[in-house]
Amino acid sequence: MNTNIDFKNLWNMQEMAIPDTKELFEKTNEFKKKSYQKLILANVTLIFTTAFILFVWYHYQPEFITSKIGIVCMLFAMFLYLFVYNQMAIFLKSNNYEMDTLHYLQQLLKLKEKQLFLQTTILNVYFILLSLGIGLYMYEYTCRMTMIWAIVTYGVTLFWIALNWFVFRPKTIRKQQKTLNELIEKFEKINNQLVQN
Amino acid sequence: MDFESIYKTYWQKIFRLCMGYVNDNDWAKDIAQETFITVWQKLPEFRNESSVGTWIFRIASNHCLRQIERHKRMPKSNLPVEIEEVKSVNNEPKFNFLYKCIAELPEIDRLIISLELEDIKQAEIASIVGISEANVRVKIFRIKEKLTKKFEKYEY
């Protein structure tokens, strides 16, 4: 049996009507819109939060230096997050499809490993700065309270920060890592198919 | 070469490559369209360092590999069986069986055999996939052996 000719003939039986180029360009626009939506939403949300914090600073005129440092810490946390998030979005889009499969896979692997590192590190720094900012900002106002209320206020806030740090943060990291690790593993498996004979 | 003529010349070839990779009409059409979007975006920068064919097949192969990330979003196994059957364009069983067999191979093998069946020279396949020509030859031989065995079982 001449398998070569048989397979090629069978292979060529597959046909799909050429879609109109109009459909293609519509898809391009849709694709672009979708990929920017999330990015714009993240930017707008954080910019509004920043504006709100600045308004609080302006309106309540904190006197203590701790309050001011606290606000700066919170703002810094948000800008850092936004900066890295934007950079990563650009970085993930910079995918070069024109290289050969072997190099493309290596590029994807590097990209995913970098994403994994960035997500974990930045999330930690973001949490630390935000918690520190809140803690410092509160000091001025708790000073005006009675001792018991001050302890209650700090207690509740610290409980909330601890809950975020020990429960929500590891959960988010674990979830992100699981998805990325699974992908990295799959890419490595395919990479091995190329390396092995 | 302008985009329109590239699109017309390569659409069927790229669609078949994607079909060999996923064996699902709608999904393959999506990947083929994504490939041509990249071709359209990158064409002004294309410097003829490789042939247009090699360049397009590289882009298509990489788009196919990228599907791993999307696999979770549309798991094929979750589709009702009836829908999958209705989706087949052609009722030729042998032809469907070939695409089914290819889509079951390891990812790189799917790409290599699809390119081979598309009549791409082995040197060119080597440059698309990034392995040596000798390696491509060995792989093609093994894949064809595997496919032949499956077809023998299918026929008898």
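The values are calculated or read from the model by the stated rules, or taken from the named source; none is laboratory data. Everything quoted here is computed from the prediction, not taken from an experiment. Cβ atoms come from the backbone with ideal geometry, glycine included; neighbour counts cover every protein chain shown.
Things worth noting here:
- Sub-6 Å Cβ pairs linking a first residue in the range A:23-40 that is touching a residue at least 12 places away in the same chain (Cβ under 8 Å) to a second residue that is assigned to a helix (DSSP H, G or I), at least 6 apart or interchain, are A:L39/A:A89, ordered by first then second residue.
- Positions within the range B:1-55 being among the small types (G, A, S), surrounded by fewer than 21 Cβ atoms within 10 Å (Cβ to Cβ) and at the interface with chain A (Cβ under 8 Å from one of its Cβ atoms), in sequence order: none
- Any chance A:K68 is surrounded by 15 or more Cβ atoms within 10 Å (Cβ to Cβ), over 25 Å from A:E182 (Cα atoms) and either within 14 Å of chain B (Cβ to nearest Cβ) or over 23 Å from the mean Cα position of the chain (by Cα) (or both): yes
- The residues of the range A:4-38 that are among the aliphatic types (A, V, I, L, M), in a helix (DSSP H, G or I), under 23 Å from B:N25 (Cα atoms) and over 36 Å from the mean Cα position of the chain (by Cα) amount to a single one, A:L10.
- Test result for A:I190, within 14 Å of another protein chain (Cβ to nearest Cβ) and of a type in the set (A, V, I, L, M, F, W, C): yes
- Residue pairs meeting the criteria (Cβ under 6 Å; at least 6 apart or on separate chains; first over 10 Å from A:K112 (Cβ atoms), in the range A:176-192; second among the charged types (D, E, K, R) and at pLDDT 85 or above): A:I190/B:E107
- Taken over the range A:151-175, the criterion of being within 16 Å of A:K112 (Cβ to Cβ) and surrounded by 15 or more Cβ atoms within 10 Å (Cβ to Cβ) is satisfied by A:I173 alone.
- Total residues in the range A:159-180, condition in contact with a helix residue (DSSP H, G or I) (Cβ under 8 Å, 6 or more places away or on another chain) and within 16 Å of A:L130 (Cα to Cα): 4
- Helices (runs of 4 or more DSSP H) enclosed by the range B:1-71 - at least 3 residues per element that are of a type in the set (D, E): B:25-42
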